[in-house]
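Derivation of every value follows stated rules applied to the coordinates shown; laboratory data play no part. None of these values were measured; they are calculated from a predicted model. A quick note on method: Cβ atoms are made from the backbone with ideal geometry, for glycine too, and the neighbour counts reach across all protein chains shown.
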Amino acid sequence: MILVTGGAGFIGSHLIDRLLVEGHEVLCLDNFNDFYDPRLKEKNVAESLKHPAFSLIRGNILDVELLGRIFREHNIDKVVHLSALAGVRPSIVSPAMYVDIDIKGTVNLLEKARGNGVNQFVFGSSSSVYGVTKKIPFSEDDSTDFQVSPYATAKKAGELYCKTYHHLYGIPITILRFFTVYGPRQRPDMAICKFTDLMINGKPIPMFGDGRSERDYTYIDDCIDGIMAAVGRPFDFEVFNIGNSTTVKLKDLLALIAKKLGVNPKIDQLPEQPGDVPITCADISRAKELIGYNPSITIEEGIDRFITFQIHGSRVTGHGSRVTGHGLR
C-alpha cells in the first residue's frame, strides 16, 4: 500500500488518480484545512472514493497517535509525502505555522516510517530551496544555503531531516524538488489560476515587479510522470529536480493567458514582494538519466489545457499512458 499525504490537494489528487489507474492500493491522509476552500479538495477525491483500492483518512500529520494507528493497521510499504503548508508570502506572515506543519509533520512521518516496513519514502520538496543564486539552471548538487522565505527554509529543513533519517536508519529516500507546477485543480491562490480567473472576470491583474521575473513552469501531467518514475525506481538516497527546464517571464505569461482568453487585461504593477526570487530554472539531466523523466508539455499547450478546464470544466487528457477517464477532470 502507498500512503499519500496531502492526497486531496492539487498534486496529490492527480498522483492518486494515476496510482489507482496503474493498479496500486492507495491510502490518502489529508486534513482538508481551510488554506483554500476545502470543497475544492472534496471534489478532487470524489471519484477516487468510488474506487475499491482507495481509502481516505481525514487527519493531521501533527497527530502522532493517528499516525501510529495508520502504520499499525495498514501495510504501508511506500510513503509519498506531499502534505505541507504552501505559499511563500503567507510564510513570511506566519512562519511558526510552517515550522509546525512542514518540519514537525515531516519528522513525525519519518519517525513512523522507520521500523514499520516502509521501503521507500518520497518527499515533495520545492525549487524554493535554491533561493537566490546566479547559477542557472539549478542543479541538485548546487548549494542550498540561502533561502529567502520561511517556506523555503522549512522545505530545506525537511530535506535535511530526510537525509539524517536515511543515515541513521537506512530508510530509502527520494527527494523531489518541484518547479512551479500548474494545471487543472491548481490552488486558487497560485499565479496562473489567479491571473486566469481575474481576466475572465474583467478585473485588474496584480503584477509584482516589472514583469521580468522568470519561472520554470511544470504542467501537472509532467510532474506526475516524474513522481511515478521516482516511485517505480527506489534509490538509497537521491534528489531530483522535477521541472520543465524552460523559463517564462511573468509579463510573457500574462500575455499568453490574455491571448488564449482573447482579452486585453489591465495590469496593476506593484512593488516586488519579500521572499520572491528573480528566476527558477531546473537542470533535469539527472532525472532524465536515472528515472527517465522527460517533460513534454509546453507552456502554450499547458495554458491552453488549463484555460479549457477553467472555462468548461472539461476533462483534459494527457499523452501516452496518461489518465483519460479517471484522471484530469
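For the pair segment 195-210 / segment 214-266, the C-alpha centres are spaced 20 Å from each other. Among the GluC sites (Glu not before Pro) in segment 188-286, those placed in a DSSP loop whose Cβ has at most 16 other Cβ atoms within 10 Å are Glu272.
The chymotrypsin sites (Phe, Trp or Tyr not before Pro) of segment 125-180 meeting both criteria, a DSSP state outside H, G, I, E and B (loop) and at most 13 other C-beta atoms within 10 angstrom of the site's C-beta, are Phe146.
In summary, the aspartates and glutamates within cross-link reach of Lys41, defined as a Cα separation below 12 angstrom excluding same-chain residues under 8 places away, comprise Asp30.
Find out how many positive minus negative residues lie around Ile57, taking Lys and Arg as positive, Asp and Glu as negative, among other residues whose Cβ is under 12 Å from that of Ile57. Charge balance in the 12 Å sphere: -1.
Based solely on its DSSP helices, what 222 nm [θ] is calculated for the chain when runs of n ≥ 4 H residues each add -39,500 (n - 2.57) and the sum is averaged over all residues, nearest 500 deg cm²/dmol? Each step should come with its number before you reach the end.
On the way: 12 runs with 125 residues, N = 329.
Value at 222 nm, helices only: -11500 deg cm²/dmol.
Listed by chain and number, the lysines placed with their C-alpha closer than 23 angstrom to that of Lys135 are Lys155, Lys156, Lys249, Lys251, Lys288; residues fewer than eight positions away on the same chain are left out. Note on segment 112-166 and segment 41-61: Cα centroid distance 27 Å, given to the nearest whole angstrom. Other residues lying with their Cβ under 13 Å from the Cβ of Leu29 contribute a combined charge of +1, Lys and Arg counting +1, Asp and Glu -1. Normalising the average separation of contacting C-alpha pairs (under 8 angstrom, six or more residues apart) by the number of residues puts the relative contact order of the chain at 18 percent.
Provide the net charge surrounding Gly243, with neighbours chosen by a C-beta distance below 14 Å and charges set as Lys +1, Arg +1, Asp -1, Glu -1. Once all neighbours under 14 Å are counted, the net charge is -4. If you take the charge dipole of segment 2-312 about its Cα centre, with +1 on Lys and Arg Cβ and -1 on Asp and Glu Cβ, which of Ser94, Val21, Leu160 is farthest toward its positive end? About the Cα centre, the residue reaching furthest to the positive side is Ser94. Put a plus charge on the Cβ of each Lys and Arg, a minus charge on the Cβ of each Asp and Glu, and nothing anywhere else: the dipole of the chain about its Cα centre is then about 520 debye.
Restricting attention to segment 2-312, close to 10% of DSSP beta bridges with both partner residues there are antiparallel.
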